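What follows is calculated from the coordinates using simple rules that are stated; it is not laboratory data. Note that the structure is predicted; figures quoted are calculated from it, not measured. Glycine gets a Cβ as well: all are built from the backbone with ideal geometry, and neighbour counts include every protein chain shown.
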Amino acid sequence: MRSQQVHHPLFARFYARLSISMESAGVDKRRDAMLAGLTGSVIEVGAGNGLNFAHYPGTVTSVLAVEPEQHLRGLALISADEAKVPITVADGTADRLPADDRSFDAVVASLMLCSVPDQAVALAEMHRVLRPGGELRFMEHVSSESAGQRRVQRLVDATIWPVCFGGCHAGRDTLAAIAAAGFRVEEVEHYRLPDSRLWPTTPHALGVAVRA
Ligand SMILES: C[S@@+](CC[C@H](N)C(=O)[O-])C[C@H]1O[C@@H](n2cnc3c(N)ncnc32)[C@H](O)[C@@H]1O
């Protein structure tokens, strides 16, 4: 099986800038909440420029951060050097994680399940590399509970959104996909960021799912 290619040089540069300004708009607090209490070995999938790295608690013994996009991976390497827990940055994609079965205590997926070509395949890989009872920590923008905003999400997903934003889909039902992949969603917080319905990616879900 050939693994997926991820080559979005323009989006990578755009995201590297935008993401830093979004941190002070509240994303940094959400990263703290997503990673709070984690222990042991962690694999982070689609790590981007490494904005989670500074938020890992000292109880995490190692992080394998997988990032397929070259520019973002270079920035992740710099972030890894500054982190207080040991982080190894590796090339790889969610459909074929560079890890053995049941080898991690936790998987982290933030703002990336919107962008993988096939959520079921990515989540099956996350399930494979997690030990039984291990946790998937997630922070994702998701499909809206408002019918009007869902219509907008469907429209942009069928037209401009994936092309403009590195394969991102605004309105995926990611919680349903997590449950369908064999995880038990134990905690979930829904919020809007920013607090508006004007932008298609404002509805978010942050939580913990346990590998059955
Ligand atoms: C919006 S960025 C989020 C980055 C980071 N997780 C964060 O929280 O800031 C989406 C990330 O998903 C990555 N990505 C896209 N397709 C992927 C795939 N098939 N496998 C793994 N990562 C992928 C992108 O390269 C990018 O780093």
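Of the GluC sites (Glu not before Pro) found in segment 144-193, the ones in coil according to DSSP and having at most 10 other Cβ atoms within 10 Å of their Cβ are GLU145. When only DSSP loop residues count, what trypsin sites (Lys or Arg not before Pro) in segment 128-212 have their Cβ near at most 14 other Cβ atoms within 10 Å? When the trypsin sites (Lys or Arg not before Pro) of segment 128-212 are filtered for loop state and at most 14 Cβ neighbours within 10 Å, ARG197 remain.
For segment 142-212, the spread of Cα coordinates along the three principal axes comes to 37, 24, 20 Å, biggest extent given first.
Please report the antiparallel percentage of the DSSP beta bridges confined to the chain, to the nearest 5.
Counting DSSP beta bridges with both partners in the chain, the antiparallel share is about 45 percent.
For segment 41-58, putting each phi into the Karplus relation 6.51 cos²θ - 1.76 cosθ + 1.60 with θ = phi - 60° gives couplings of 8, 10, 10, 10, 9, x, 6, x, 8, x, 6, 6, 4, 6, 9, 5, x, x Hz, in residue order, rounded to whole numbers and with x for Gly and Pro.
Highest mobility in the GNM of the chain, judged by mean-square fluctuation with C-alpha springs under 10 Å and restricted to GLY92, GLY134, GLY40, is found for GLY40. Computed over the chain with a Gaussian network model linking Cα atoms closer than 10 Å, the most mobile of ALA176, ALA90, ALA106 is ALA176. For VAL142, the residues whose modelled amide H falls within less than 5 Å of its own, excluding neighbours fewer than 5 places apart on the same chain, are HIS204, ALA205. For the chain, the convex hull drawn through the C-alpha positions has a volume of 111 cubic angstrom per residue. Between segment 23-66 and segment 132-210, the alpha-carbon centres lie 19 Å apart.
The mean sequence separation of alpha-carbon pairs under 8 Å and at least six residues apart, normalised by the residue count of the chain, gives a relative contact order of 19 percent. Mean residue ellipticity at 222 nm, helices only, the chain: -9500 deg cm²/dmol; runs of at least 4 DSSP H residues each add -39,500 (n - 2.57), and the sum is divided by the number of residues.
For segment 58-167, the Kirkwood hydrodynamic radius from C-alpha pairs, put into Stokes-Einstein at 25 °C and a viscosity of 0.890 mPa s, yields a diffusion coefficient of 156 µm² per second.
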